[in-house]
Amino acid sequence: MQSGLRHPTKNEQKYQSIAKRLQSRRRVQSEACQKMTETKTHIDPKLTAILQSVSDPEIPVLSIMDMGVVRSAEMQDGIAQVIITPTYSGCPAMDVIGDDIKKAFSEKGIPVQVELVLSPAWTTDWITPAGRQALEKYGIAAPLEAEADKEALLGDKKLVKCPQCGSMNTKMISQFGSTACKAFFQCQDCKEPFDYFKCLK
Amino acid sequence: MNHLVQYIYGIADNALILGQRLGELCGHGPSLETDIALTNISLDLFGQTRSYYQYAAKLKGGDATEDTVAFLRSEREYINVLLVEQPNTNFAYSIARQFLFDAFHLLLLEELQNSNDKTLAAIAKKSIKEVRYHLRFSSDWIKRLGDGTPESHQKIQEAIADLWVYTNELFEQTDADKAMVAQGTGADVTLLRDAYYTQVSQILEEATIAVPNPEYFQKGGKQGIHSEHMGYLLADMQYMQRAYPNMSW
């Protein structure tokens with residue numbers, strides 16, 4: 001079973017195949033992002049305001065539109081068809097978001113159907129610039145790029161900016177914070193603890 | 001029984017039972033940070049389980065729902081591997097179990113995302129992002145405990161040695177597995193074995209933990225033959241649905 005250990009050439013082949021697989025995965029992801037951009041244009045402008053008014057229950061300042069979880073919203077035969085995608089599989093906010101969307105539409109007297117889809121999978125890249133600002137203002141550090149994220153979470157590098165005082169002198173306390181999507185940090189200058197929204201790609 | 005449904009159970013039962021084990025640590029973790037981390041991982045696993053079971057219930061039809069699949073099967077009908085049902089003997093065991101499973105889980109999902117079944121591929125693609133964090137967390141702790149104090153080293157070494165006998169079962173194939181692999185729907189776990197042991201051994205060596213070389217391996221879970229721990233776990237997990245059928249929050 002561990003014969004692979006003693007045969008470096010086999011390993012090399014394997015790493016090449018892993019590297020190839022990684023490349024193809026990246027390609028799939030970038031295709032997914034493009035698809036998302038296309039989908040975004042499918043949001044009926046008349047419905048944008050209503051969807052904008054629905055916020056993430058765990059981050060009230062952040063609209064679900066800025067969060068990037070609304071994949072499409074269109075009127076079909078007088079019914080608004082809204083498609084959303086979860087941030088994390090087990091995110092308890094998704095059920096609430098679905099309910100809140102229904103409530104927001106029913107207040108405007110528009111019948112609505114909400115559907116949850118898993119593909120393409122959500123990424124933190126879909127958080128809009130306005131969303132990132134809202135996060136920072138709320139006291140949550142916005143996600144870094146994938147490489148920097150890895151270094152901040154594993155390599156002890158000071159890359160995450162304190163959302164309170166702006167200092168870069170911060171330290172990770174825990175890879176998982178108040179929710180699965182966040183890590184827990186502390187600022188070494190102002191001493192305030194804060195959440196960092198982890199990069200998800 | 002439908003091979004596809006059985007194949008889905010084979011993947012999802014691992015996530016459910018491991019999620020349940022991790023959930024036991026809610027409020028009981030050795031420190032606040034590890035408590036939160038392990039229960040967050042549990043939450044990810046439950047989320048993934050729900051996606052799989054919702055799909056399986058749809059395929060089964062009739063009165064099946066994600067809840068009946070999760071809560072109303074008997075012990076022999078769960079086909080999770082023995083590894084994930086092993087108890088939280090101490091923190092070292094919880095971390096060792098997590099690490100030995102995460103490394104496999106990521107390899108499996110990387111294959112499953114190429115499935116010709118669109119739903120399974122979508123669930124795999126979604127889950128990979130989460131499981132990558134799980135593996136990062138558990139690998140980090142393996143290194144910390146292995147390369148930590150003499151006591152932490154001794155405990156994690158013991159946990160790895162004890163749980164190692166359950167690793168080979170991860171690469172066993174059931175009839176449903178074989179049927180689904182042949183159809184291009186399932187991931188061939190037999191092809192993941194070398195990569196798994198290479199990766200796991202590398203991290204263990206880095207953590208100064210000796211890679212076990214046991215004389216035998218344990219198996220049975222994938223055929224529904226579980227260890228003595230499973231009954232207690234299910235009694236706890238199924239209690240509410242058994243005592244109050246169809247109850248909901």
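The values are calculated or read from the model by the stated rules, or taken from the named source; none is laboratory data. What you see is a predicted model; the values in this text were computed from it and never measured. Heads up, the Cβs are rebuilt from the backbone with ideal geometry, glycines too, and the neighbour counts pull from every protein chain shown.
When B:ASN213 is tested against (1) touching a residue at least 60 places away in the same chain (Cβ under 8 Å); (2) under 27 Å from B:ILE142 (Cα atoms), exactly one condition is not met: (1). Kindly establish whether A:PHE185 is at negative phi, over 15 Å from the mean Cα position of the chain (by Cα) and aromatic (Phe, Trp, Tyr). When the stated conditions are applied, A:PHE185 passes them.
Only a single criterion out of (1) more than 21 Å from the chain's Cα centre (by Cα); (2) in a loop (DSSP other than H, G, I, E, B); (3) surrounded by 14 or more Cβ atoms within 10 Å (Cβ to Cβ) is not satisfied by B:MET247, namely (3). Listed by position, the helices (runs of 4 or more DSSP H) enclosed by region B:98-183 that each have at least 3 residues that are farther than 20 Å from B:SER201 by Cβ and free of Cβ contacts under 8 Å to residues at least 12 places away in the same chain are B:118-146, B:175-182. From the list B:LEU4, B:LEU38, B:LEU32, the lone residue that is closer than 30 Å to A:SER174 by Cα, of a type in the set (A, V, I, L, M) and in contact with a helix residue (DSSP H, G or I) (Cβ under 9 Å, 6 or more places away or on another chain) is B:LEU38.
The set of residues from region B:72-96 being farther than 19 Å from B:GLN6 by Cβ and either within 14 Å of chain A (Cβ to nearest Cβ) or touching a helix residue (DSSP H, G or I) at 6+ places or on another chain (Cβ under 6 Å) (or both) comprises B:LEU83, B:GLN86, B:PRO87, B:ASN88, B:ALA92, B:TYR93, B:ILE95, B:ALA96.
B:SER115 satisfies every condition listed in (1) within 14 Å of another protein chain (Cβ to nearest Cβ); (2) within 24 Å of A:ALA180 (Cβ to Cβ); (3) surrounded by fewer than 24 Cβ atoms within 10 Å (Cβ to Cβ) except (2).
Let's see how each residue does on (1) touching a strand residue (DSSP E or B) at 6+ places or on another chain (Cβ under 9 Å); (2) under 19 Å from A:ASP44 (Cα atoms):
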site	(1), (2)
A:GLY78	no, yes
A:SER89	no, no
A:MET94	yes, no
A:ILE101	yes, yes
A:GLY109	no, yes
A:VAL112	yes, yes
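Being surrounded by 15 or more Cβ atoms within 10 Å (Cβ to Cβ), within 18 Å of the chain's Cα centre (by Cα) and within 14 Å of chain B (Cβ to nearest Cβ) is the requirement here; does A:ALA142 meet it? Taking the combined requirement at face value, the residue does not satisfy it. Checking each residue in region B:135-150 for being more than 10 Å from every other protein chain (Cβ to nearest Cβ) and under 17 Å from the mean Cα position of the chain (by Cα) picks out B:LEU135, B:SER138. Out of region A:62-86, which residues are surrounded by fewer than 16 Cβ atoms within 10 Å (Cβ to Cβ) and closer than 23 Å to A:THR179 by Cα? The answer is none; no residue qualifies. Is at least one residue of region A:168-178 modelled with pLDDT under 90, within 14 Å of another protein chain (Cβ to nearest Cβ), in a loop (DSSP other than H, G, I, E, B) and touching a Lys or Arg at 6+ places or on another chain (Cβ under 6 Å)? There is no residue in region A:168-178 that is modelled with pLDDT under 90, within 14 Å of another protein chain (Cβ to nearest Cβ), in a loop (DSSP other than H, G, I, E, B) and touching a Lys or Arg at 6+ places or on another chain (Cβ under 6 Å). Among the residues of region B:183-204, at least one is under 21 Å from B:PHE91 (Cα atoms) and within 11 Å of another protein chain (Cβ to nearest Cβ).
On inspection, B:ASP13 does not qualify as assigned to a helix (DSSP H, G or I), surrounded by fewer than 24 Cβ atoms within 10 Å (Cβ to Cβ), touching a residue at least 60 places away in the same chain (Cβ under 8 Å) and more than 14 Å from chain A (Cβ to nearest Cβ).
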